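The values are calculated or read from the model by the stated rules, or taken from the named source; none is laboratory data. None of these values were measured; they are calculated from a predicted model. When we count neighbours, we look across all protein chains shown, and the Cβ atoms used for this are built from the backbone with ideal geometry, even at glycine. Calculation scope for accessible area: heavy atoms of the full protein, side chains included, ligands and nucleic acids excluded. Shrake-Rupley method; radii C 1.70, N 1.55, O 1.52, S 1.80 Å.
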Amino acid sequence: MYADDMKIFERVPTNLGYEALQSSLNNIGDWCRANGMELNATKCVVLSYKRGANTFTNEYYLNSTLLRRVDKVKDLGVIMSPSLSPQEHILQIIAQELTRYWGSYLDPRNISTHHTLLSSCISLWFSPVLEYGSVIWSPYQFNHIAQLQGVQERFIRMLGSRLGFTYRTTPISEVEVESQFNLLPLHRRRQLTDLVTLFKLVNGLLDCPGLLSGIDFSISRGTRSMTIFRRRYHPTYYAYHSGLSRLLRTGGDAAPHVDFFNETVASFKRKVASLVNN
C-alpha cells in the first residue's frame, strides 16, 4: 500500500493460488463496505508476471465487477510488463524526454546560457524522467543502454551547436566529460544511484526488510580480498541481472574504494561520485 494505491499479489502455479488471490480481493471488498469506503473497481486491473509463453485466463472479481487484464501498467511512475523487461518503460521515457527538451530548445523564450540550459535539463528532465526509479528498471542489454544514452548524446550535440560545432560533428566525449560541463554518461549516473541506494539499505536508512534479507555479507579470511558483499550463484542470465544482484555486484566492486558503514550520506555520495567519474 502507498497513499491511495494498493497492490495484492500471489504465486498462481495452480488453482490454489487463484483461490487465494480471489479471497484477498473478497476480503478487501468486505473491509471497504464495513468501513464505508467506496472502491472504483473499473480502475483496478490484473497483470500476470511470467517468463515464457504461458497464457493466464483466470478471471478475478472485486465487488462483483470483473477486473480488466492488461499487458502493462504504470506502477508509481514505472511501467511494468509481464516479463519485467524495462523496454516499455525505456521507450516511453525516451519519447517523453525528446518531446520535452527539443520543444524547449526551439522555444525562443528559452534562456540561451549554456550552463543554465544544462542545469535545467538535469534538474527538470534528466533526473526526474531518465533516472527516476532506475534502481528498479536499470537495463543490462546493450540496445537499451544505447537508446537511453542516445537521448543525452542528442542533448550534447545541441550544446555543441551552441558552442560553435555543427550538430553532426560535435565531439561527444569532449563536450560531455572533458569540457566544463562534466556531464556523466547515464549508465554512470545509474551506478551512482545504485551505490547510494545500497548504502542507505545496509545502514537502515531505507526500511525494506525484504531486500535487506537478500544481502549476504562476506568476511574475508585473507588480506587480499576487500569484497564485503557475497555474490550468489544465479542459474539464469535473467536472475544474474536482477536488481538486487546488480546492486551487490556494483557494491562489491566499489567496496575496496569506499566505506559503506562509517560515512554520512553526503560524504558517501561525494566519494562514489568521484569513483564512478574515473
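Amide hydrogen proximity for Val46: with H placed 1.01 Å from N in the peptide plane, the residues at 5 or more positions away or on another chain lying under 5 Å are Arg68, Arg69, Val70. 3J(HN,Hα) along the range 78-84: 10, 7, 10, 10, x, 8, 6 Hz, from the Karplus curve 6.51 cos²θ - 1.76 cosθ + 1.60 with θ = phi - 60°, whole Hz, x for Gly and Pro. Structure note, pairs Lys200/Lys271; Lys72/Lys200; Lys43/Lys72: Cα-Cα distances above 18 angstrom occur for Lys72/Lys200. Accessible area per residue for the range 229-272, computed on protein heavy atoms with a 1.4 Å probe, is 59 Å². The phi-based Karplus calculation (6.51 cos²θ - 1.76 cosθ + 1.60; θ = phi - 60°) puts the 3J(HN,Hα) values of the range 16-32 at 4, x, 4, 5, 5, 5, 5, 4, 5, 4, 4, 5, 5, x, 5, 5, 5 Hz, whole numbers, x for Gly and Pro.
Between amide H atoms placed 1.01 Å from N, distances below 5 Å from Leu62 occur with Leu67, all of them 5 or more places distant or on a separate chain.
Summary of the geometry: the range 1-80 and the range 204-278, compared by the centres of their Cα atoms, lie 34 Å apart. The gain in end-to-end length when the Leu66 to Phe9 segment is fully stretched comes to 18.8 nm, 0.36 nm per residue minus the alpha carbon separation. Between Ala146 and Asp207, the contour length at 0.36 nm per residue exceeds the alpha carbon distance by 18.6 nm. Among the chymotrypsin sites (Phe, Trp or Tyr not before Pro) found in the range 1-102, those both in a DSSP coil and sparsely packed, with 14 or fewer other Cβ atoms within 10 Å of their Cβ, are Phe9, Tyr49, Phe56. Packing around the peptides 168-174, 196-202, taken as the average count of other Cβ atoms within 10 Å per residue, puts them in this order, highest first: 196-202, 168-174.
Amide hydrogen proximity for Asp75: with H placed 1.01 Å from N in the peptide plane, the residues at 5 or more positions away or on another chain lying under 5 Å are Met80. The dipole here belongs to the range 235-278: it is taken about the Cα centre, uses +1 on the Cβ of Lys and Arg and -1 on the Cβ of Asp and Glu, and is about 120 debye. A Förster radius of 41 Å, combined with the Cβ-Cβ distance separating Arg33 from Ser245, puts the computed FRET efficiency at roughly 0.45. Per residue, the average separation of C-alpha pairs within less than 8 Å and at least 6 apart gives the range 1-96 a relative contact order of 20 percent.
For the set His187, His241, solvent exposure ranked by accessible area (probe 1.4 Å, protein chains only) runs largest to smallest as His187, His241. Using the Cβ of Leu84 as centre and a radius below 10 Å, the other residues enclosed give a net charge of +2, where K and R count +1 and D and E count -1. Rounded to 0.05, the FRET efficiency of the Thr55 and Ser85 pair, given R0 = 25 Å and the Cβ-Cβ distance, is 0.90.
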